[in-house]
Every structure is written in C-alpha cells, then in structure tokens.
Amino acid sequence: MDTLPEDATLDEIRAALAPVIAENAAFDGWSDAAIEAAAQTGGVDPDVARLAFPGGAVEMIAAWFEHVDRAMIATVPDDRLATMKVRERISAQVEARLDVLAPNREALRRALAILARPQHALRAAKLGWHAADLMWRRAGDTATDYNHYTKRAILSGVYAATITVFLDDESEGHADTRAFLSRRIDGILKFEKTKAQLIKQRERLPSLSRFVGRLRYPPA
C-alpha cells in the first residue's frame, strides 16, 4: 500500500489499512496485532490506526468488505456491465468478489467465524444484504416493491453458499465454485421468470371483490 499523508482522515486510514489487515488476519486473526502490523506497513501510528476501527474485529471485517466492494466496481465498471445480460452482470460481480477474496481465504474463514457468533448476527445479515443490494443495483434492478426484497434475499443466500464452497475449493481457477455459482444464478433467474408469469396470471383473474360488488349492487 502507498504511504498515507500525515493529515489523512480516519476514514482514509480505515480504507487504506483494511486490505492489509486482511493479509495479516490470516496469521494474527482479526486482532490488534493485525492492526499494528498493517499500521507499520502504512506508516501509521498504531494508536491512530486503532481509532479507525472502534468496533474491533467486526469493524475491521466490515472495512475489508467495503474494500471488496470497491475492487469489484473497479474490475467490473458500469460501462462493462452495460454490455452484459442480467445473468452475466450478477455472475461477473460475484466472480470479481471471489478474485479479490482469493488471496486471503484464511482471513475470510476467520472473519466468517466471527460473524457467525450470535452477538454479530444482525451485523452479518446487514453485510450480506449490502453486498446483494449493491450487485442488484449495479445490474440495473430498480424494483421498489416486494421484488426488491426477494431478489436481495435470494442473492444473499446464493452468495453465502458460494463463499462456503469457495473456502474449500482446490480446483484450478476455482472452477468448482464458478460452476456452483452458475447453477445457483440459473436458479435465481428461473425463479424470477416463474414469479413474473404467476403475477401476470393473477392479474388476469377476475376480481372476486368486484364480482361480489356487482351482486350486491347490480347495474340499474
């Protein structure tokens, strides 16, 4: 990482140190030791570095996931997404995230173990939801009704399941993980297509309330 300027803000320190902390977390865990090692690399006072992560391990992990977001956007920018179909947009973004995470799988494993603790369940859910929301919005989804929530909930589950496969995947280029992801995304799109068809069919059905109203108040 580049050396930070002396007048760097805590947000800038947080963003710069997060990926370096992840590199150290594989050995030191998500701990003060990882922060101190990252601070030394970046030429930051360790006490100041700790101030950038007031929530401890969970804040370090959240900052690293924010780094993954930024790296994903840089790898798959909007102009590239614009040339893809929806399926490709989701796949490309998830695969970009996996590529960023790949060098630090042990740090990811330790991060997920921390987030799996009951006291961190809400924060873990929010982090998963944020990733899914970002990917759907960048894929062009503008739904504001219940579709907004179902799409994100399903993608959150798919992303989490893909990460589980990814952690133990020793195939070349993580081919097994990519195949798993492809099947799951096919499932998402089939579900969305079926759901849309059911909604159209429901809209064509005669309105029961209108029928009952006509019985009570027949045309003059």
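The values are calculated or read from the model by the stated rules, or taken from the named source; none is laboratory data. As the structure is a computational prediction, the values presented were derived from the model and not from experiment. Cβ placement follows ideal geometry from the backbone for every residue including glycine, while neighbour counts extend to all protein chains displayed.
Quick rundown of the values:
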{"quantity": "Test: residue in region 195-211 that is within 26 Å of K126 (Cβ to Cβ) and modelled with pLDDT under 95", "calculated": "yes"}
{"quantity": "Residue check for R123: closer than 22 Å to A161 by Cα, of a type outside the set (V, I, T) and under 17 Å from the mean Cα position of the chain (by Cα)", "calculated": "yes"}
{"quantity": "Test for A18: is it under 24 Å from the mean Cα position of the chain (by Cα), buried (at least 22 other Cβ atoms within 10 Å of the Cβ) and assigned to a helix (DSSP H, G or I)", "calculated": "yes"}
{"quantity": "Residues that are surrounded by 16 or more Cβ atoms within 10 Å (Cβ to Cβ) and not in a helix (DSSP H, G or I), drawn from region 21-44", "calculated": "G29, W30, S31, V44"}
{"quantity": "So F53, is it in contact (Cβ under 8 Å) with a residue 12 or more places away in the chain and touching an Asp or Glu at 6+ places or on another chain (Cβ under 7 Å)", "calculated": "yes"}
{"quantity": "Region 162-173, residues that are part of a helix (DSSP H, G or I) and of a type in the set (S, T, N, Q)", "calculated": "T162, T164"}
{"quantity": "Subset of region 71-111 [of a type in the set (G, A, S) and closer than 15 Å to M135 by Cα]", "calculated": "A71, A74, A82, S91, A92, A96"}
{"quantity": "Matching option when the condition is out of contact with any Leu (no Cβ under 9 Å at 6 or more places or on another chain) and either under 22 Å from L115 (Cβ atoms) or in a helix (DSSP H, G or I) (or both), among D69, D47", "calculated": "D47"}
{"quantity": "Sole exception among (1) crowded, with 22+ Cβ neighbours inside 10 Å; (2) outside any helix (DSSP H, G or I); (3) not β-branched (V, I, T) for G55, by number", "calculated": "(1)"}
{"quantity": "Filter result (hydroxyl-bearing (S, T, Y), over 19 Å from I73 (Cβ atoms) and assigned to a helix (DSSP H, G or I)) within region 129-161", "calculated": "Y146, Y149, T150"}
{"quantity": "Number of the condition not met by R97 [criteria: (1) modelled with pLDDT of 95 or more; (2) farther than 21 Å from F166 by Cα; (3) in contact with an Asp or Glu (Cβ under 9 Å, 6 or more places away or on another chain)]", "calculated": "(2)"}
